[in-house]
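The values are calculated or read from the model by the stated rules, or taken from the named source; none is laboratory data. Since we're looking at a predicted model, the values are computed, not measured. Neighbour counts are summed over all protein chains in view; Cβ atoms, including those assigned to glycine, are modelled from backbone coordinates with ideal geometry. Each accessible area value is taken on the protein alone, full model and side chains, heavy atoms only, with ligands, DNA and RNA left out. Shrake-Rupley method; radii C 1.70, N 1.55, O 1.52, S 1.80 Å.
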Amino acid sequence: MTLGSDAPLKGKSVLVTGATGGLGQAIVSRCLAGGATVFAGGRNEAKLTQLAKSWGEKVVPLIYDVTDERAVKETFRQIQKQQMQTGIGPLWGMVNNAGLMFEAPLSISSLDKFKEQLNVNLLAPYQHMQLAARLMSRQRKGSIVNIVSQVGEHGSSGMSAYAATKAALTGVTKSLAKELAPIGIRVNAVAPGFIDTHLTEHYEEHAREAVVSRIAFQRAGMASEVANAVFYLLSDQASYTSGHVLPVDGIFSP
Ligand SMILES: NC(=O)c1ccc[n+]([C@@H]2O[C@H](COP(=O)([O-])OP(=O)(O)OC[C@H]3O[C@@H](n4cnc5c(N)ncnc54)[C@H](OP(=O)(O)O)[C@@H]3O)[C@@H](O)[C@H]2O)c1
């Protein structure tokens with residue numbers, strides 16, 4: 001295979017939020033394997049620094065909280081600076097992956113927890129897309145991928161707040177795909193079902209079995225399977241696809 005087909009993101013850079021999490025780590029690794037330089041965002045300094053060492057020199061760790069508006073602006077300034085000083089390729093990709101999920105029935109759910117999820121799952125991706133689109137518009141090229149959820153599409157008992165944030169991000173994805181198409185930026189989403197990561201590890205065995213029994217493939221998904229879908233949408237292999245939500249769920253009925 002030639003380098004061209006093997007490394008479709010060669011010479012390009014991608015920002016991945018939530019890079020310390022299960023899906024985030026897999027997405028960073030997939031982008032690196034595909035030739036990209038990766039700006040890896042995370043708020044856990046010790047964990048991100050350790051991961052960055054193992055990923056090597058094509059990863060630039062960026063330590064910040066995605067809900068801190070000023071820190072997000074500063075992060076994009078850093079990205080621009082790094083690109084000018086080190087010759088890292090222009091920002092091609094943005095993966096809004098950082099996310100929070102709190103489960104609670106309506107009767108005992110807390111508005112504070114709802115707001116926390118809104119901030120991380122919806123408002124932060126919105127600000128990231130605004131700043132990423134400004135950079136990408138200079139090249140009139142770019143690809144944004146938002147991690148939503150099959151729960152946002154189908155609903156799930158005890159997850160109304162989480163579902164609302166993800167459904168809203170799906171709406172933003174479809175709208176911005178139309179808005180940014182004339183300037184060459186594609187905006188898509190990946191909607192995982194039940195994937196083995198920190199987010200789902202609190203499920204007790206019986207709860208996990210109940211979920212898996214509703215998956216046609218009869219197993220949880222792997223982070224690498226989600227990362228492959230993200231990578232496809234980031235790359236030019238999806239050059240005629242925008243405003244699409246790609247389920248990666250083994251056919252899940254939440
Ligand atoms: N796993 C699933 O079954 C599943 C299904 C559907 C959708 N998703 C979505 O997939 C995405 C990744 O989830 P995951 O499964 O990989 O879960 P995870 O392992 O818990 O990772 C979540 C990541 O988001 C980061 N994060 C949360 N709040 C943040 C903040 N304020 N600032 C910066 N980073 C923040 C976490 O950082 P810390 O480690 O510092 O908290 C962590 O790196 C999320 O958007 C989630 O909703 C997951």
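Name the residues in region 200-230 that are assigned to a helix (DSSP H, G or I), near the ligand (Cβ under 10 Å from one of its atoms) and open to solvent by 60 Å² or more (accessible area, probe 1.4 Å), would you?
Of everything in region 200-230, nothing turns out to be assigned to a helix (DSSP H, G or I), near the ligand (Cβ under 10 Å from one of its atoms) and open to solvent by 60 Å² or more (accessible area, probe 1.4 Å).
How many residues are under 11 Å from the mean Cα position of the chain (by Cα) and assigned to a loop (DSSP other than H, G, I, E, B) when one looks only at region 2-58?
Adding up the residues that qualify gives 4.
Filter region 171-199 for residues that are buried (at least 18 other Cβ atoms within 10 Å of the Cβ), out of contact with any Leu (no Cβ under 9 Å at 6 or more places or on another chain) and assigned to a helix (DSSP H, G or I) and give the result.
Result: Thr173, Leu176, Ala177, Leu180.
For residues that are of a type outside the set (Val, Ile, Thr) and touching a helix residue (DSSP H, G or I) at 6+ places or on another chain (Cβ under 6 Å), scanning just region 144-159, find the one that is farthest from Ile108 (Cα to Cα).
Asn146
Would region 95-106 turn up any residue that is open to solvent by 60 Å² or more (accessible area, probe 1.4 Å), under 22 Å from Gly21 (Cα atoms), free of Cβ contacts under 8 Å to residues at least 24 places away in the same chain and within 15 Å of the ligand (Cβ to nearest atom)?
Checked against the condition, which is being open to solvent by 60 Å² or more (accessible area, probe 1.4 Å), under 22 Å from Gly21 (Cα atoms), free of Cβ contacts under 8 Å to residues at least 24 places away in the same chain and within 15 Å of the ligand (Cβ to nearest atom), region 95-106 yields no hits at all.
Here is a check on your reading of the model: is Ser13 open to solvent by less than 20 Å² (accessible area, probe 1.4 Å) and among the hydroxyl-bearing types (Ser, Thr, Tyr)?
It is true that Ser13 is open to solvent by less than 20 Å² (accessible area, probe 1.4 Å) and among the hydroxyl-bearing types (Ser, Thr, Tyr).
Out of all the residues in region 107-118, which are of a type outside the set (A, V, I, L, M, F, W, C) and away from the ligand (no atom under 16 Å from the Cβ)?
Ser107, Ser109, Ser110
Using beta carbons and a limit of 6 Å, which pairs, at least six apart or on different chains, have the first residue in region 190-201 and touching a residue at least 40 places away in the same chain (Cβ under 8 Å) and the second one open to solvent by less than 20 Å² (accessible area, probe 1.4 Å) and within 6 Å of the ligand (Cβ to nearest atom)?
Val190/Ile147; Ala191/Ser149
Table: residues versus (1) near the ligand (Cβ under 8 Å from one of its atoms); (2) more than 28 Å from His202 (Cα to Cα).
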residue	(1), (2)
Leu9	no, yes
Ser13	no, yes
Thr20	yes, no
Leu23	yes, no
Gly34	no, yes
Trp55	no, no
Val59	no, yes
Val66	yes, no
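Would you point out the residue of region 35-66, among those that are small (Gly, Ala, Ser) and either crowded, with 18+ Cβ neighbours inside 10 Å or in contact with a Leu (Cβ under 8 Å, 6 or more places away or on another chain) (or both), that is nearest to Leu100 (Cα to Cα)?
Of everything passing the filter in region 35-66, Gly42 is nearest to Leu100 (Cα to Cα).
As an exercise: evaluate Gln83 against (1) within 16 Å of the ligand (Cβ to nearest atom); (2) farther than 16 Å from Ile144 by Cβ; (3) in a helix (DSSP H, G or I) and give the number of the one condition it does not meet.
In the conditions (1) within 16 Å of the ligand (Cβ to nearest atom); (2) farther than 16 Å from Ile144 by Cβ; (3) in a helix (DSSP H, G or I), Gln83 misses (1) alone.
Mind checking whether some residue in region 136-152 is free of Cβ contacts under 8 Å to residues at least 24 places away in the same chain and buried (at least 16 other Cβ atoms within 10 Å of the Cβ)?
No, there is no match, as no residue in region 136-152 is free of Cβ contacts under 8 Å to residues at least 24 places away in the same chain and buried (at least 16 other Cβ atoms within 10 Å of the Cβ).
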